[in-house]
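Colleague: One structure follows; several queries about it will come next.
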Amino acid sequence: MNSKVSQTKDERVQLRLTQRQKATIQQASQIKQTSMTNFILDQSYQAALTVVANQQLFSLSDQAWDDFCIALESPPKSLPRLHALLTEPGVFDD
C-alpha cells in the first residue's frame, strides 16, 4: 500500500514572466520530461522548503544556552597555522 496521502490541489498561482524566462523554463521542463506546471511547482516548492529550513528557530536547554553564550563571549582560540595561511603570500601573489 502506498504510504503517501493524496491531497487535492485546489489552490492557484498566476505568474507573469518574460519570453526568455518562459523559454528557459520550457526547455528545463522538457529536459526533466515534465510539464511546465509540474516543473515550476517542484522547483519553487523545493526552494521554499530550503528557505524555510534555513530560517527555523532552534531551542536550547538553559545549560546549553549558557554554554553557547560563554563560547560567544570567549576570546578566539589562537590558530597559528590559520594565521600563517591567511597572512602569507598565496600562489597567485607576485
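Values quoted throughout were computed directly from the atomic coordinates according to the rules given, and no laboratory measurement underlies them. Just so you know, these numbers come straight off a predicted model, no measurement behind them. Every residue, glycine among them, receives a Cβ derived from its backbone with ideal geometry; neighbour counts consider all protein chains shown.
Colleague: Quickly estimate the mean residue ellipticity at 222 nm for the chain, helices only: each DSSP H run with n ≥ 4 gives -39500 (n - 2.57), and the total goes over all residues, rounded to 500.
Modeller: Calculated at 222 nm, the ellipticity per residue is -17500 deg cm²/dmol.
Colleague: Apply the membrane-span-like helix rule to the chain: whole DSSP H runs, Cα extent along the own long axis of at least 24 Å, mean Kyte-Doolittle hydropathy at least -1.0. List the helices found.
Modeller: 36-54
Colleague: A further question follows. Given labels modelled 7 Å from the Cα in the Cβ direction, how far is it in nm from residue 15 to residue 62?
Modeller: 5.0 nm
Colleague: Indicate the gyration tensor shape class of region 1-66 (rounded, prolate or oblate), computed on the Cα atoms with a ≥ b ≥ c the square roots of the eigenvalues: a/c under 1.5 is rounded; otherwise a/b larger than b/c is prolate and the rest oblate.
Modeller: In terms of gyration-tensor shape, prolate.
Colleague: Still on this model: Taking the Cα centre of the chain as the origin and placing charges on Cβ (Lys, Arg +1; Asp, Glu -1), which of 89, 30, 79 is farthest toward the positive end of the dipole?
Modeller: 30
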